Amino acid sequence: QVQFVESGGGLVQPGGSLRLSCVVSASIFNSPALGWYRLAPGKQREWLAMITLRGTTRYADSVKGRFTISRDNAENSVSLQMNSLNSEDTAVYHCNTFPANASNWGQGTQVTVSA
């Protein structure tokens, strides 16, 4: 069963914005917390942001002030609004529970920041 389906990635110029969405299976959506992560070539997977059932959020220093995580309980989805993108943000972006369950990684969505 597919647990996470990410979408919204693409090619964006430096300084631009993207909004990623992730549809979460019903069995997982009510986990205590959900998160966004990314995997860039040659780097380890990086946690970016998390949101609890109550809506409490936390962010990695690398994205604080630029990215915003939110959840839509009616749609079983979690989103990531990304602003002021730069080349360091180029990666495949995934959602998962927080902490992540290694057996649940989906295909992710590619974000490429380039002029």
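Here are some notes:
- Listing of strands (runs of 3 or more DSSP E) fully contained in region 1-75 that carry 2 or more residues being free of Cβ contacts under 8 Å to residues at least 12 places away in the same chain: 57-59
- Filter result for Ser103 (more than 19 Å from Gly9 (Cα to Cα) and not in a strand (DSSP E or B)): yes
- The number of residues in region 79-106 that are open to solvent by 50 Å² or more (accessible area, probe 1.4 Å), modelled with pLDDT of 95 or more and farther than 13 Å from Arg19 by Cα comes to 5.
- Restricting attention to region 51-69, the residues being within 12 Å of the chain's Cα centre (by Cα) and either modelled with pLDDT under 95 or open to solvent by 40 Å² or more (accessible area, probe 1.4 Å) (or both) number 2.
- Qualifying residue in region 4-24 (condition: of a type in the set (D, E, K, R), open to solvent by 40 Å² or more (accessible area, probe 1.4 Å) and touching a Phe, Trp or Tyr at 6+ places or on another chain (Cβ under 9 Å)): no
- Screening region 25-43 for residues that are among the polar types (S, T, N, Q) and under 13 Å from Phe98 (Cα atoms) and picking the one that is most open to solvent (accessible area, probe 1.4 Å) gives Asn30.
The values are calculated or read from the model by the stated rules, or taken from the named source; none is laboratory data. Just so it is clear, the model here is predicted, and its values are computed rather than measured. No Cβ is skipped: glycine too gets one built from the backbone with ideal geometry, and neighbour counts run over all protein chains shown. The protein model used for the area step is the full one, side chains on, heavy atoms only, and it has no ligands, DNA or RNA in it. Shrake-Rupley method; radii C 1.70, N 1.55, O 1.52, S 1.80 Å.
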